[in-house]
1. Name, by its number, the condition in (1) under 16 Å from residue 143 (Cβ atoms); (2) in a loop (DSSP other than H, G, I, E, B); (3) within 13 Å of ligand 1 (Cβ to nearest atom) that does not hold for residue 93.
2. Among the strands (runs of 3 or more DSSP E) contained in the range 177-248, which hold 2 or more residues that are surrounded by fewer than 20 Cβ atoms within 10 Å (Cβ to Cβ) and modelled with pLDDT under 95?
3. Assigned to a helix (DSSP H, G or I) and modelled with pLDDT under 95: is that true of residue 100 in this structure?
4. Enumerate the pairs (first residue in the range 48-65 and assigned to a loop (DSSP other than H, G, I, E, B); second residue anywhere and surrounded by fewer than 16 Cβ atoms within 10 Å (Cβ to Cβ)) with beta-carbon separation below 6 Å, excluding pairs fewer than 6 apart on the same chain, so at least 6 apart or on different chains.
5. How many residues are out of contact with any helix residue (DSSP H, G or I) (no Cβ under 6 Å at 6 or more places or on another chain), within 11 Å of ligand 1 (Cβ to nearest atom) and assigned to a helix (DSSP H, G or I) when one looks only at the range 249-262?
6. Please verify whether residue 290 is away from ligand 1 (no atom under 13 Å from the Cβ) and out of contact with any helix residue (DSSP H, G or I) (no Cβ under 8 Å at 6 or more places or on another chain), treating the condition exactly as stated.
7. Of all residues in the range 149-176 being more than 16 Å from ligand 2 (Cβ to nearest atom) and either over 20 Å from the mean Cα position of the chain (by Cα) or closer than 27 Å to residue 239 by Cα (or both), which is surrounded by the most Cβ atoms within 10 Å (Cβ to Cβ)?
8. Pairs needed: first member in the range 149-176, closer than 12 Å to residue 35 by Cα; second member anywhere, within 14 Å of ligand 1 (Cβ to nearest atom) and assigned to a helix (DSSP H, G or I); C-beta distance under 7 Å; at least 6 residues apart or different chains.
Ligand code: AMP
Ligand code: MG
């Protein structure tokens, strides 16, 4: 029997294009059904975790200060993971920056085009230490007025849950706006070729990695700009409330997308030297490109060039 042609679908979710490719699946129908289920994780996570929708579960939680709120398993896991990265990074990563991001003009809902003003008061001193988890009751308590922002976690989480839906296929890729998970191999290679963009000419490829069964996530200073003239970009250092200036793009290769996505954002804030040391301590590989296009990388990163 001849294999089916490769299967490819793209949707728009989480303010980006999400593409799933399955190489020569045995059944096009099975591929279509699995991809449908894979995409549904993106909409489900977005519905629960979006800061740009005042009705999302995370925004309803952010509106209740001081008392325990029962949340869904999905939101509980996303926040638990974000808090552990906050701790590991000494607070460079902080999922309570939503108020700062909103004030800096990162508040446009891409689906409606509207600017979202939560109207929520936030305390300038709030940090991740003001978020208390109770795994027994599945509750979260916010000790100070704050807005949770899970933007550095949710894309990776959606990619990993989507990958679980595709586990019966050998060779596939999930690409959510440059955050990628690949299994097996691509159309004409024994692995997948992943092009990393030149952060100063994002339509050009800076270099190509050859990887399999890993996630590759990139954060760039060119990605999202504010709507209100804030000089920085979408990653903010919680201590200075500015965008870290020393990195133009940062790529992490890790076993899962949730880890690659969040550790990358944390390392971006830590800066080139501390960021690379942090990634090495966490046992993942990373490549940092400076604004003048000088590269720094973890010791094991070069294996992905072969
Ligand atoms: P990424 O696209 O993975 O680089 O993540 C960037 C997103 O993470 C931003 O759009 C914000 O939603 C969020 N974010 C920005 N700064 C931080 C930070 N210091 N800690 C945690 N999340 C952040
Ligand atoms: Mg990230």
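The values are calculated or read from the model by the stated rules, or taken from the named source; none is laboratory data. What you see is a predicted model; the values in this text were computed from it and never measured. Glycine also receives a Cβ, built like all others from the backbone with ideal geometry; neighbour counts cover every protein chain displayed.
1. Of the numbered conditions (1) under 16 Å from residue 143 (Cβ atoms); (2) in a loop (DSSP other than H, G, I, E, B); (3) within 13 Å of ligand 1 (Cβ to nearest atom), the odd one out for residue 93 is (1).
2. Values: elements: 179-183, 192-198, 201-211, 214-220.
It comes to 201-211.
3. Numbers: assigned to a helix (DSSP H, G or I): yes; modelled with pLDDT under 95: yes.
Answer is yes for this residue.
4. From the range 48-65, the pairs are 52/109.
5. Counting residues in the range 249-262 that are out of contact with any helix residue (DSSP H, G or I) (no Cβ under 6 Å at 6 or more places or on another chain), within 11 Å of ligand 1 (Cβ to nearest atom) and assigned to a helix (DSSP H, G or I) gives 1.
6. On the way: away from ligand 1 (no atom under 13 Å from the Cβ): yes; out of contact with any helix residue (DSSP H, G or I) (no Cβ under 8 Å at 6 or more places or on another chain): no.
No; evaluated as a whole, the condition is false for this residue.
7. Of the range 149-176, the ones more than 16 Å from ligand 2 (Cβ to nearest atom) are 161-173.
From what is left, the residues that are either over 20 Å from the mean Cα position of the chain (by Cα) or closer than 27 Å to residue 239 by Cα (or both) are 167-171.
Details: 167: 10, 168: 11, 169: 21, 170: 14, 171: 19.
Of everything passing the filter in the range 149-176, 169 is surrounded by the most Cβ atoms within 10 Å (Cβ to Cβ).
8. Close Cβ pairs satisfying both conditions: 159/257; 174/159.
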